[in-house]
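For reference, the structure is listed below as structure tokens.
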Amino acid sequence: MTSKQKHSMQPQPNHDESVRQDFVTDLRAFLTDDIYPKITPYYEKNVEPEFIKERNRKPKDKSEVRDLMLKDKSYQSWSLLQRLSQQMMFTAVIDTVERTLDDLIERLKQHNSLGTLELDNDVEIPKYLTAYDIHQQPGGYHTENIEDDIAPGVVYDISLPIYSGNSMGDENDLLSQAIIGYMQNYIKLPEPERMLDIGCAIGNSTLPFAKIFPNTEIHGIDVASPCLRYAHARANALGVTAHFSQQNAEQTNFENETFDLITSCLLLHETSHGAIPKIINEAYRLLKPGGWMMHLDVYPFHRQAIEPLYDFLKDWEIINNNENFSGALRNMNLQQIFEDAGFIKDTIEFTSAEANGQHTKGYTGDFYLKLPIYVAQKPNIP
């Protein structure tokens, strides 16, 4: 049996667990990359014509498309299987994590020599993270059931390849590589003295910066202590020095003007209307004059126009996969929020960052390999 273990803090599934995980990987690939691309031509041939015949026009927005598609048996079948495949993924992964968890927690003692880990029991987990299980991951990312729990972090780490069809790379760092690519191509940022990755989870979006910035002091913050414990041990297993601390990105304990670069990957759409301005204002406070802020998220700026069907399909994650704030983020005036925080108007940009993945077709390619990046620079005035 081929090992699925990418580093020494990952558990190795046994034969039966591995077979179940492979099955779910293949099922998700079939649903996302073979069936999903057929939804649009199916809609144009079988669903939309009836609407046009009745009303003498095409559907004008996603709500009209939703009314049509939610009644369609073929779409219902795909949507149900897509949601069930997410639940099956976590079931298959959790079996491995629960079987090996005691040993993994023991391994924490051998994976703590590099970097630092600071946890704070007084940090309050925001309601937007506790109200429901994000992505349907049981217990979310923050729930602790035993002392020194790392289970949510391990589950996240070994479920990502299944979720993405093995497109995220051996270190699950595809998305941060998109930020790095954009930064190298367009910003030409010199090596920072210090950088901060907010909402870092298990550090898969944090550690890649150590490879291109070997002399940079790298920090990652999150509110979820199980993920941070795992992130620190995972960094040690990969031989990377990074500093992790349990903090809310809305208000941190760092000094003013501490960082040259602040990043996030898929954080903003997991927060709330009230949190977004606070996160942006805090980033501005923490940046040194001339520092850059870069957030990779989910709104598809690479689409010149949002067609009603496409807009409806992008809402699938919101309705069916507990991504409740994603749709609302699309409608926020982020330009104004960035300007109000103090960022230079001419440097504020909402564009796309492309990642070089192995898997570029269908749902994965359309949604994850060309993601929007929100960029802004703090004025270079002390």
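The values are calculated or read from the model by the stated rules, or taken from the named source; none is laboratory data. As the structure is a computational prediction, the values presented were derived from the model and not from experiment. Don't worry about glycine lacking a Cβ; one is built from the backbone with ideal geometry, like all the others, and counts go over all protein chains shown.
Worth a mention:
- Some residue of region 87-98 being among the small types (G, A, S), over 17 Å from V223 (Cα atoms) and in contact with a Lys or Arg (Cβ under 9 Å, 6 or more places away or on another chain): yes
- Some residue of region 295-309 being aromatic (F, W, Y), at pLDDT 85 or above and either within 20 Å of the chain's Cα centre (by Cα) or under 30 Å from S79 (Cα atoms) (or both): no
- Among the residues making up region 195-248, a single one is closer than 24 Å to G290 by Cα, of a type in the set (F, W, Y) and crowded, with 24+ Cβ neighbours inside 10 Å: F209.
- Sole exception among (1) under 18 Å from Q87 (Cβ atoms); (2) surrounded by fewer than 16 Cβ atoms within 10 Å (Cβ to Cβ); (3) not basic (K, R) for P37, by number: (1)
Yes or no, residue by residue, for (1) part of a helix (DSSP H, G or I); (2) over 30 Å from S164 (Cβ atoms); (3) modelled with pLDDT of 95 or more; (4) of a type in the set (A, V, I, L, M):
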{"position": "T32", "(1), (2), (3), (4)": "yes, no, no, no"}
{"position": "E44", "(1), (2), (3), (4)": "yes, no, yes, no"}
{"position": "E48", "(1), (2), (3), (4)": "yes, yes, yes, no"}
{"position": "Y75", "(1), (2), (3), (4)": "yes, no, yes, no"}
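- Of all residues making up region 330-346, the number that are surrounded by 14 or more Cβ atoms within 10 Å (Cβ to Cβ), assigned to a helix (DSSP H, G or I) and at pLDDT 95 or above: 4
- Any chance Y36 is touching a Phe, Trp or Tyr at 6+ places or on another chain (Cβ under 9 Å), without any contact (Cβ under 8 Å) to a residue 40 or more places away in the chain and not hydrophobic (A, V, I, L, M, F, W, C): no
- Among the residues making up region 157-177, those that are closer than 15 Å to T91 by Cβ and within 14 Å of the chain's Cα centre (by Cα) are S159, Y163.
- Count - residues of region 153-207 that are part of a loop (DSSP other than H, G, I, E, B) and either within 18 Å of G239 (Cα to Cα) or among the aliphatic types (A, V, I, L, M) (or both): 15
- Filter result for T143 (under 27 Å from N253 (Cα atoms) and either in contact with a helix residue (DSSP H, G or I) (Cβ under 7 Å, 6 or more places away or on another chain) or among the aliphatic types (A, V, I, L, M) (or both)): yes
- Some residue of region 111-121 being part of a helix (DSSP H, G or I), of a type in the set (A, V, I, L, M, F, W, C) and at pLDDT 95 or above: no
- Of all residues in region 70-97, those that are loosely packed, with under 15 Cβ neighbours inside 10 Å have Cβ atoms under 7 Å from Cβ atoms of residues that are among the polar types (S, T, N, Q) and modelled with pLDDT under 95, 6 or more apart or on another chain, in Q87/Q136.
- Enumeration of residues in region 208-241 that are more than 21 Å from V155 (Cα to Cα) and touching a Cys at 6+ places or on another chain (Cβ under 9 Å): H219
Per-residue answers, yes or no, for (1) at pLDDT below 95; (2) in a helix (DSSP H, G or I):
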position: I221; (1), (2): no, no
position: Y230; (1), (2): no, yes
position: F254; (1), (2): no, no
position: E282; (1), (2): no, yes
position: G290; (1), (2): no, no
position: D311; (1), (2): yes, yes
